[in-house]
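K.L.:
My questions will all concern the structure given below.
The values are calculated or read from the model by the stated rules, or taken from the named source; none is laboratory data. Owing to the predicted nature of the structure, the values given are computational and were not obtained by experimental measurement. For neighbour counting, all protein chains shown are included, and Cβ atoms are generated from backbone atoms with ideal geometry for every residue, glycine included.
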Amino acid sequence: MSPSTVNKIASSPVFDIRSDETKGFAKAPIEDELAGLQAVYNEKTLPNVLLYDAKGLQLFEKITYTNDYYLTGLEMDLLGEHADEMAEWIKDGAALVELGAGALRKTAILLDAIERQGKRITFYALDLDHSELTRTLAELEGRYRHITLCGLWGTYDDGRAWLASTNEEQRVLLWLGSSIGNLSRQEAKDFLHSFGRALRPGIDKFIVAMDSKYNAVSSMTRAYNDSEGVTASFALNLLDAFNAKVGFKALPPSSFCYSPFFNQAQGRNEAYLRARHGVRFEVNGIAVEVRDEELIRFAYSHKYDNAERDLLWRAAEANVEQEWLHSPQSGRARYSISLLSFRD
Ligand SMILES: C[S@@+](CC[C@H](N)C(=O)[O-])C[C@H]1O[C@@H](n2cnc3c(N)ncnc32)[C@H](O)[C@@H]1O
């Protein structure tokens, strides 16, 4: 039976794994956001998790369909070509946990391969928004006979804590979309290392997709400022998410424009909101002033060359079991998917 002809089943459960801190109980409301906005001129930041409310996730999905966002196409090519080999690493009875799962369109390529191999696994999609987890999992319902679908509602940190409670024979983490690039290089090392500590040496695996520095600078620049303006809407939606948390229009979207910058020296895109004019507000007794033309940074997207990728794995004490490269002939592959294990 082909995956699409299996009968529809009841909706997939979404487990709330959020800690008190994630739920916002352990901190003053918007503490992190206000801390970032109190920095000096042009050093202000807003956390990139604000991008990913339900509307932001839908806008991000739309970005992945734009011609300019080449990352999705490269990743789909790699998955399309190598999903069967990737699936070979996943054992019958495994838990496959996707970090920051998003729309699941690419994930389905790997799940289809696992299904073809007849393995009974549980797939856990972890992400920040409950309604979007329900919606995206519903798209896959009825598609698999062997794979159980679940959602995990929480952050990466919540996911790492939750891993200790799973008793499946093998845990395989999946991190697609070059989301690793959103972390600084040091944070990426710490992230991998800390997840590595939560995985069992020899058995568990971590599959990481990563964009490469070898793409043309013009392509990388366009990818973060698509001609259809979807990325700009995605960026400005962050202000709606912030204002919703504050409870009033503290940072009106009409007072800002999206202003990305590709920093070649650092090998990363830097995403900013630029104030069209000065904005002031006060909340919880804290005054915030954003000056005319001031930049607020909210995201990085780092790119790695071959040597930087190897250095990262080494620093994180990860072993590369297998690596799938997009257009590797030149030695300057445009995208990679690496299957890692961790040392004792
Ligand atoms: C760049 S998008 C990638 C989405 C999807 N994996 C893809 O490849 O298209 C980043 C994803 O990570 C999620 N995310 C970002 N920060 C997160 C965090 N701290 N904890 C959990 N998920 C997070 C976002 O909600 C979003 O779905």
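K.L.:
Tell me, which residue of segment 51-93 that is among the aromatic types (Phe, Trp, Tyr) and under 23 Å from Lys303 (Cβ atoms) is farthest from the ligand (Cβ to nearest atom)?
P.N.:
As a first pass, look at segment 51-93 and keep what is among the aromatic types (Phe, Trp, Tyr): 52, 60, 65, 69-70, 89.
Keeping just the survivors that are under 23 Å from Lys303 (Cβ atoms) gives 52, 60, 65, 69-70.
On the way: Tyr52: 3, Phe60: 6, Tyr65: 11, Tyr69: 10, Tyr70: 13 Å.
Among those that are among the aromatic types (Phe, Trp, Tyr) and under 23 Å from Lys303 (Cβ atoms), it is Tyr70.
K.L.:
I would also like to ask the following. Select from segment 44-76 the residues that are surrounded by fewer than 19 Cβ atoms within 10 Å (Cβ to Cβ), in contact with a strand residue (DSSP E or B) (Cβ under 8 Å, 6 or more places away or on another chain) and part of a loop (DSSP other than H, G, I, E, B) and list them in ascending order.
P.N.:
Matches in segment 44-76: Pro47 only.
K.L.:
Of all residues in segment 296-316, which are part of a helix (DSSP H, G or I) and within 19 Å of Asp190 (Cβ to Cβ)?
P.N.:
Of the residues in segment 296-316, the ones part of a helix (DSSP H, G or I) are 306-315.
Glu308, Arg309, Asp310, Leu311, Leu312, Trp313, Arg314, Ala315, listed by residue number.
K.L.:
Now a separate question. Looking at segment 141-166, I want the residues that are more than 27 Å from Arg197 (Cβ to Cβ) and have a partner that is among the aromatic types (Phe, Trp, Tyr) with Cβ atoms under 6 Å, at least 6 apart or on another chain. Which pairs are those?
P.N.:
Ile147/Phe123; Leu149/Phe123
K.L.:
Follow-up. If you check Asn48 against the conditions, is it within 21 Å of Leu239 (Cβ to Cβ) and within 13 Å of the ligand (Cβ to nearest atom)? Spell out how you get there, then give the answer.
P.N.:
Working: within 21 Å of Leu239 (Cβ to Cβ): yes; within 13 Å of the ligand (Cβ to nearest atom): yes.
Yes, satisfied.
K.L.:
Still on this structure, I have one more. Having 1 or more residues that are among the hydrophobic types (A, V, I, L, M, F, W, C) and more than 17 Å from the chain's Cα centre (by Cα) is the bar; report the helices (runs of 4 or more DSSP H) wholly within segment 124-227 that clear it. If you could, list the steps in order and put the result at the bottom.
P.N.:
Working: elements: 130-140, 156-163, 185-197, 217-223.
Of the helices (runs of 4 or more DSSP H) lying wholly inside segment 124-227, those with at least 1 residues that are among the hydrophobic types (A, V, I, L, M, F, W, C) and more than 17 Å from the chain's Cα centre (by Cα) span 130-140, 156-163, 217-223.
K.L.:
With respect to Ile296, determine if the residue is under 30 Å from Leu312 (Cα atoms) and not assigned by TED's automatic domain parsing to the domain that holds Ala35. Can you show your working first?
P.N.:
Working: under 30 Å from Leu312 (Cα atoms): yes; not assigned by TED's automatic domain parsing to the domain that holds Ala35: no.
It is false that Ile296 is under 30 Å from Leu312 (Cα atoms) and not assigned by TED's automatic domain parsing to the domain that holds Ala35.
K.L.:
Report the residue count in segment 33-43 for those that are exposed (fewer than 15 other Cβ atoms within 10 Å of the Cβ) and not in a loop (DSSP other than H, G, I, E, B).
P.N.:
In the first step, residues of segment 33-43 are kept if they are exposed (fewer than 15 other Cβ atoms within 10 Å of the Cβ); the result is 35, 38-43.
Subsequent filtering for residues that are not in a loop (DSSP other than H, G, I, E, B) retains 35.
The total comes to 1.
K.L.:
Hey, among the residues in segment 20-43 that are of a type outside the set (A, V, I, L, M) and touching a strand residue (DSSP E or B) at 6+ places or on another chain (Cβ under 6 Å), which one's nearest to Val279 (Cα to Cα)?
P.N.:
Of segment 20-43, the ones of a type outside the set (A, V, I, L, M) are 20-25, 27, 29, 31-33, 36, 38, 41-43.
Remaining after also requiring touching a strand residue (DSSP E or B) at 6+ places or on another chain (Cβ under 6 Å): 36, 42.
Details: Gly36: 15, Asn42: 14 Å.
Residue satisfying both the conditions and the ranking: Asn42.
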